[in-house]
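Trainee: For reference, the structure I am asking about is given below.
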Amino acid sequence: MAEPDYIEDDNPELIRPQKLINPVKTSRNHQDLHRELLMNQKRGLAPQNKPELQKVMEKRKRDQVIKQKEEEAQKKKSDLEIELLKRQQKLEQLELEKQKL
């Protein structure tokens, strides 16, 4: 790719393009975090250590999702299961009537 003509000229009136500063990389928090991650990687420590509260909340959410899926599976009964339940209820009613007599 050819370079533009204005780069070769030493014209003082031209404004030279400069690389923009990334505010994230220049922030002190980012630098500290990056340094800590590099040290942990060299030591072989896992950076995935989560706070106890976050672990508990994730477990609760997982359990809740599993429970909802089980409830949905129970609600969605097939036609055969529905018919079998009806027959079972009828048989139970007949047995109760026989016991009363």
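Trainee: Under a 10 Å cutoff between Cα atoms, tell me which one of Leu53, Leu85, Leu37 has the largest fluctuation in the Gaussian network model of the chain.
Mentor: In the Gaussian network model the winner is Leu85.
Trainee: Another question, then. Run the quick spin-label model on Lys61 and Glu95: label points 7 Å from Cα toward the beta carbon, then report their separation in nm to one decimal.
Mentor: For the pair Lys61/Glu95, the computed spacing is 4.6 nm.
Trainee: If you don't mind, another one. How large is the direction-averaged shadow of the alpha-carbon convex hull of segment 52-100, in nm²? Before the final figure, lay out each step's value.
Mentor: On the way: hull surface 21.5 nm².
Projected over every direction and averaged, the Cα hull of segment 52-100 covers 5.4 nm².
Trainee: Here is a follow-up. Could you give the dipole magnitude of segment 52-100 about its Cα centre, charging the beta-carbon of Lys and Arg +1 and that of Asp and Glu -1, in debye to the nearest 20? Present the calculation step by step, with values, prior to reporting the outcome.
Mentor: Working: 15 positive and 12 negative charges, 31 e Å.
So the dipole magnitude of segment 52-100 works out to roughly 140 debye.
Trainee: Provide the per residue accessible area, probe 1.4 Å, for the chain, rounded to a whole number of square angstrom. Mind dumping the intermediate values first?
Mentor: Numbers: 10930 Å² over 101 residues.
That works out to 108 Å² per residue.
Trainee: Further question: Build a GNM of the chain with springs between Cα atoms under 10 Å: which of Arg87, Arg16, Arg62 gets the top mean-square fluctuation?
Mentor: Arg16
Trainee: Moving on. With a 10 Å cut-off between alpha carbons and a GNM built on the chain, which of Glu83, Glu13, Glu70 moves the most?
Mentor: Comparing Glu83, Glu13, Glu70 in the GNM, the peak value goes to Glu13.
Trainee: Evaluate the distance, in nm, between pseudo-label points positioned 7 Å from the Cα of Gln54 and of Gln74 along their respective Cα→Cβ axes.
Mentor: Label at Gln54, label at Gln74, 3.4 nm between them.
Trainee: Further question: How many nm is it between the label spots at Arg43 and Ile15, if each spot is 7 Å from the Cα in line with the beta carbon?
Mentor: 4.7
Trainee: Can you tell me the equivalent ellipsoid semi-axes for the chain? Use √(5λ) from the Cα gyration tensor, largest first, whole Å. Walk me through the numbers on the way to the answer.
Mentor: Details: eigenvalues 1087, 122, 25 Å².
With the √(5λ) rule applied to the chain, the semi-axes are 74, 25, 11 Å.
Trainee: Note down the accessible area of Ile66, probe 1.4 Å, to the nearest 10 Å².
Mentor: 90
The values are calculated or read from the model by the stated rules, or taken from the named source; none is laboratory data. Computed from a predicted structure; not experimentally measured. As a convention, Cβ positions derive from the backbone with ideal geometry for all residues, glycine included, and neighbour counts pool all protein chains shown. For accessibility, only protein heavy atoms count, side chains too; no ligands or nucleic acids. Shrake-Rupley method; radii C 1.70, N 1.55, O 1.52, S 1.80 Å.
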